[in-house]
Amino acid sequence: MKLATKFIHAGATPDPSTGAIMTPIFQTSTYVQEAPGKNQGFEYARSQNPTRKALEEALAQIENGKFGLAFSSGVAATDAVIKLLEPGDEVIAAADMYGGTYRLFTKVFEKFGIKFLYVDTTDLSKIEAAVSPKTKLIWLETPTNPLMNITDIEGVAAISKKAGSMLCVDNTFASPYLQNPLDLGADIVMHSSTKYLGGHSDVIQGALVMNSPELREKLYFIQKSCGAVPGPMDCFLVLRGIKTLHLRMQQHCINGEKIAQWLRSHPKVGRVYWPGFEDNAGYAIAKKQMRGFGGMISFELKDDSQQEAMRVLSSTHLFSLAESLGGVESLINHPATMTHASIPREERIKNGLSDSLIRLSVGVEDADDLIADLKQAIG
Ligand SMILES: *Cc1c(COP(=O)(O)O)cnc(C)c1O
């Protein structure tokens, strides 16, 4: 099935009781049973909910996986993956990744005896060097947030298999329209559904997709035991968002390219981070494992003072100054003080995330209007 058809029909079966084409919002906490243990597969809504079930089926289909699980946020989905581990286990994680993931790993899980090693995952030899008999999980983000670094998923999957480890890829930035990590050998795909899957900046949610029935059982056990489940209304919103993912992503890609090229030609703009430039270090791999380059762009100004970055950040009108990404409307963000403030400054600088870096989530508005807005802001 082609992508557009898949996104529209994933998880959609008419409601058996009414024929409603959209899965209803089953706003219920429990289900009446005929006799103890005799029910229709639904007992209590932390364990099962029909709206969530429809969404989880859709998530599996759009990521080419067998099983999907929805969580109350992206970080709750990440949390569930780490809870597969035991004290003494080691995790190799990307040095340049979402600040909230770094915070969860270092501030919450390190104290339970799980060791996290942060490496530049774009260099496979650095991952190989970090592998030990205790490596149980490799955690990747590609493209990374906010520097858009590209890691070779197939290459890391081979290292992970050889090491007897699991590989989980945070696929939030690419979305399943542009990249499917399970097809490239990953064991688990994670999403912050808050971003492109939801697509309208109106819901917080997370997802995991996998092929292994054993892994699904373990993660489902964690989902129901720890209870970070999304409500049915939020599941409905993400299901609805998925139906237009392909249309939105096509426009994000078109606008992203126009803006990346425009920024690069602007005399006041310094380095532009976007994987679609042919001279970008990750271009060849991005071209191989992605179907497009997306609408996430970061850039620095030639005047690299934080003051000048702050001036631009507060001068846009169509780009709203806000954390988050992946919605239909364009956002502008200052990673050093906003999305990535939880990473210590020296760590950030070491990984190439400067105080003057500006990140754009390019929306699906008219690209000319977006460029005009950036033009008046940069000056
Ligand atoms: C937002 C985000 C998360 C966290 O998801 P929430 O839904 O905010 O909990 C994880 N990874 C990436 C890449 C993100 O952008």
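The values are calculated or read from the model by the stated rules, or taken from the named source; none is laboratory data. Computed from a predicted model, the values in this text were never measured in an experiment. A quick note on method: Cβ atoms are made from the backbone with ideal geometry, for glycine too, and the neighbour counts reach across all protein chains shown. Just so you know, the surface numbers come from the protein's heavy atoms only, side chains and all, with ligands and any DNA or RNA stripped out. Shrake-Rupley method; radii C 1.70, N 1.55, O 1.52, S 1.80 Å.
Count of the stretch 59-84 residues, restricted to those that are part of a strand (DSSP E or B) and within 12 Å of the ligand (Cβ to nearest atom), is 2. Evaluated against (1) without any contact (Cβ under 8 Å) to a residue 24 or more places away in the chain; (2) in contact with a Gly (Cβ under 7 Å, 6 or more places away or on another chain), I349 falls short on exactly one condition, (2).
In the stretch 274-295, the residue that is most open to solvent (accessible area, probe 1.4 Å) out of those that are out of contact with any helix residue (DSSP H, G or I) (no Cβ under 7 Å at 6 or more places or on another chain) and more than 16 Å from G352 (Cβ to Cβ) is E278.
Residues in the stretch 3-44 that are touching a residue at least 40 places away in the same chain (Cβ under 8 Å) and among the hydrophobic types (A, V, I, L, M, F, W, C): L3, A4, F7, I8, A10, A12, M22, I25, F26. Restricting the stretch 247-269 to residues that are open to solvent by less than 10 Å² (accessible area, probe 1.4 Å) and part of a helix (DSSP H, G or I), the residue that is farthest from G294 (Cα to Cα) is L263.
Filtering the stretch 354-372 to residues that are in a helix (DSSP H, G or I) and open to solvent by 10 Å² or more (accessible area, probe 1.4 Å) leaves D368, D369, I371, A372.
Would you call G326 under 23 Å from S193 (Cα atoms) and open to solvent by less than 20 Å² (accessible area, probe 1.4 Å)?
yes
Given the residues K243, K218, K195, which is the only one that is closer than 30 Å to K136 by Cβ and more than 16 Å from the chain's Cα centre (by Cα)? One residue alone meets the criteria, K218.
Consider the stretch 333-353 and keep the residues that are part of a loop (DSSP other than H, G, I, E, B) and surrounded by fewer than 18 Cβ atoms within 10 Å (Cβ to Cβ). The one that is modelled with the lowest pLDDT is S342. Within the stretch 90-104, is there a residue that is over 28 Å from S356 (Cα atoms), more than 21 Å from the chain's Cα centre (by Cα) and at pLDDT 95 or above? Yes, some residue in the stretch 90-104 is over 28 Å from S356 (Cα atoms), more than 21 Å from the chain's Cα centre (by Cα) and at pLDDT 95 or above.
Is it fair to say Q307 is polar (S, T, N, Q), open to solvent by 10 Å² or more (accessible area, probe 1.4 Å) and modelled with pLDDT of 95 or more? Considered against the rule, which asks whether it is polar (S, T, N, Q), open to solvent by 10 Å² or more (accessible area, probe 1.4 Å) and modelled with pLDDT of 95 or more, Q307 comes out as no.
Counting only residues that are away from the ligand (no atom under 16 Å from the Cβ) and of a type in the set (D, E), which one in the stretch 194-221 is least open to solvent (accessible area, probe 1.4 Å)?
E217
The residues of the stretch 317-331 that are of a type in the set (A, V, I, L, M, F, W, C) and within 15 Å of the ligand (Cβ to nearest atom), listed by number, are A322, L325, L331. Close Cβ contacts (under 9 Å, 6 or more residues apart or on different chains) running from residues in the stretch 297-317 that are closer than 14 Å to R359 by Cα to residues that are open to solvent by 10 Å² or more (accessible area, probe 1.4 Å) and β-branched (V, I, T) comprise I297/V272; S298/V272; F299/V272; E300/V272; Q306/T337; M310/T337. Looking only at residues that are within 22 Å of A80 (Cα to Cα) and open to solvent by 10 Å² or more (accessible area, probe 1.4 Å) in the stretch 121-142, which one is nearest to the chain's Cα centre (by Cα)? Within the stretch 121-142, the match that is nearest to the chain's Cα centre (by Cα) is K136.
Scan G256, G227, G185 and give me the residue that is away from the ligand (no atom under 13 Å from the Cβ) and assigned by TED's automatic domain parsing to the domain that holds L325. Selected residue: G256, the only one of G256, G227, G185 that is away from the ligand (no atom under 13 Å from the Cβ) and assigned by TED's automatic domain parsing to the domain that holds L325. Considered as a group, the residues in the stretch 143-176 that are of a type in the set (A, V, I, L, M, F, W, C) and surrounded by fewer than 24 Cβ atoms within 10 Å (Cβ to Cβ) include one that is farthest from F299 (Cα to Cα), and that residue is A163.
Would you check if F112 is among the aromatic types (F, W, Y), open to solvent by 10 Å² or more (accessible area, probe 1.4 Å) and either at pLDDT below 95 or within 16 Å of the ligand (Cβ to nearest atom) (or both)? When the stated conditions are applied, F112 does not pass them. Only one entry in P87, P50 is away from the ligand (no atom under 16 Å from the Cβ) and open to solvent by 30 Å² or more (accessible area, probe 1.4 Å), namely P87. Pairs meeting the criteria (first residue in the stretch 223-245 and at positive phi, second residue open to solvent by 30 Å² or more (accessible area, probe 1.4 Å) and not in a helix (DSSP H, G or I), beta carbons under 9 Å, at least 6 apart or on different chains) are G227/R46; G227/S72.
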